[in-house]
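Here is the structure we will look at.
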C-alpha cells in the first residue's frame, strides 16, 4: 500500500484503486490507510465522494533519516545503496 501511495506521487490515489491493484478488500485497504494517516505518513483529501490519499513526503523523509542515521553501526561500506557516504556522515553529525 505504501508503495502504491509513493508511486502515485502528488496526484495521490484512492483506496479503491489501491485495493484493485493489490487485489485486497477495500475495507482492509481503508483500515491500513487510516493507520498510515494516524502515523503522519500520509494524508487524505476529499474529492466529492472519493477520498484521495497522498504521501506526507516530509514525514517519510524524516522517518527514513531517523531509521538510517545509525545504519550499519557507522560502517558506510555496509549500506551504500541506502545512503551516500556524505549523507550518512551528515546524519551522524546531527
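Every number here is computed from the coordinates shown, using simple stated rules; none is lab data. Values in this document were obtained by computation on a predicted structure and should not be read as measured data. Don't worry about glycine lacking a Cβ; one is built from the backbone with ideal geometry, like all the others, and counts go over all protein chains shown.
Just to verify a number: FRET efficiency for residue 64 and residue 28, C-beta to C-beta distance, R0 = 35 Å, to 0.05?
That pair, residue 64 with residue 28, gives E of 0.85.
Mind sorting 29, 60 by how few other Cβ atoms lie within 10 Å of their own Cβ, fewest first?
Least crowded to most crowded, the residues run 60, 29.
Would you mind estimating how fast segment 1-57 diffuses translationally, via Stokes-Einstein at 20 °C and 1.002 mPa s with the Kirkwood radius over Cα pairs, in µm²/s?
Diffusion coefficient, whole number: 196 µm²/s.
In nm, what is the difference between 0.36 nm times the number of residues separating residue 73 and residue 10 and their Cα-Cα distance?
Between residue 73 and residue 10, full extension yields an extra 19.3 nm.
So how do 20, 47 line up by other beta-carbon neighbours within 10 Å, fewest first?
Lowest to highest Cβ neighbour count: 47, 20.
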